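The values are calculated or read from the model by the stated rules, or taken from the named source; none is laboratory data. From a predicted model like this one, the values you see are computed outputs, not experimental measurements. Counting neighbours? That spans all protein chains shown, and the Cβs are built from the backbone with ideal geometry, glycine included.
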Amino acid sequence: MQEMLTDRGFVFYSWQEANRFERYLEVEGIDHIHASSHHPETLGKIEAVNGHLRTELLDHKHFNSLKEAEGAISRWTFHYNYERTHRGLGGLLVPSDRFHGLTDLVLSNLGKGLDLQSPCWYSSPRIERSIFNVTVGPEGKVTLYLLGQPLSLGGDAYVRSSECGRSGHTD
């Protein structure tokens, strides 16, 4: 049986009787699971993805048609899942590595010094995997990343930055 997890927004949930959305799920044989009230962690990952989509694409691009918007969102989603390393995965993995069960293989090959940029059956050639990265933000701020973790140097002391992700995103 298929399941769908939603929040308790009025589009997805009715206090009295089943609303149109809930009736549709029932007809399609999809079990509707409601997120716990006052528990944002339940939907935290999808909320984070929605936030990234908005700040990285939707807030910066005007679409002239639904087809244009669908294409841009599709490309962004592919990049997010297959090409962009995520801090939550150690800064070296992309979500598709974990989804397809390739985490150990990718990390092993990276540890052996194999060129993970080269085209192969398990990896997009556009994934930028490295142990050490340097980025420059819009205001010219330089951030160093070691294994996907942002670092900053202050005076004589090493201080781990509270910023997130290689490009300032919390993935």
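Here is how the numbers come out for the structure above:
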| item | result |
| --- | --- |
| Yes/no for GLU68 being more than 30 Å from LEU110 (Cα to Cα) and surrounded by 12 or more Cβ atoms within 10 Å (Cβ to Cβ) | yes |
| Every pair of residues 6+ apart whose Cβ atoms lie under 8 Å, when the first sits in region 62-83 and is modelled with pLDDT of 90 or more while the second is acidic (Asp, Glu) and in a helix (DSSP H, G or I) | TRP76/GLU56 |
| Counted residues, region 1-41 - those being closer than 25 Å to SER74 by Cα and either among the hydroxyl-bearing types (Ser, Thr, Tyr) or surrounded by fewer than 10 Cβ atoms within 10 Å (Cβ to Cβ) (or both) | 3 |
| Some residue of region 50-64 being closer than 17 Å to GLY88 by Cα and touching an Asp or Glu at 6+ places or on another chain (Cβ under 9 Å) | yes |
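Okay, residues lined up against (1) among the β-branched types (Val, Ile, Thr); (2) exposed (fewer than 14 other Cβ atoms within 10 Å of the Cβ); (3) in contact with a Lys or Arg (Cβ under 8 Å, 6 or more places away or on another chain); (4) not assigned by TED's automatic domain parsing to the domain that holds ARG8:
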{"residue": "LEU58", "(1), (2), (3), (4)": "no, no, no, yes"}
{"residue": "ALA72", "(1), (2), (3), (4)": "no, no, yes, yes"}
{"residue": "GLY88", "(1), (2), (3), (4)": "no, no, no, yes"}
{"residue": "GLY91", "(1), (2), (3), (4)": "no, no, yes, yes"}
{"residue": "LEU105", "(1), (2), (3), (4)": "no, yes, no, yes"}
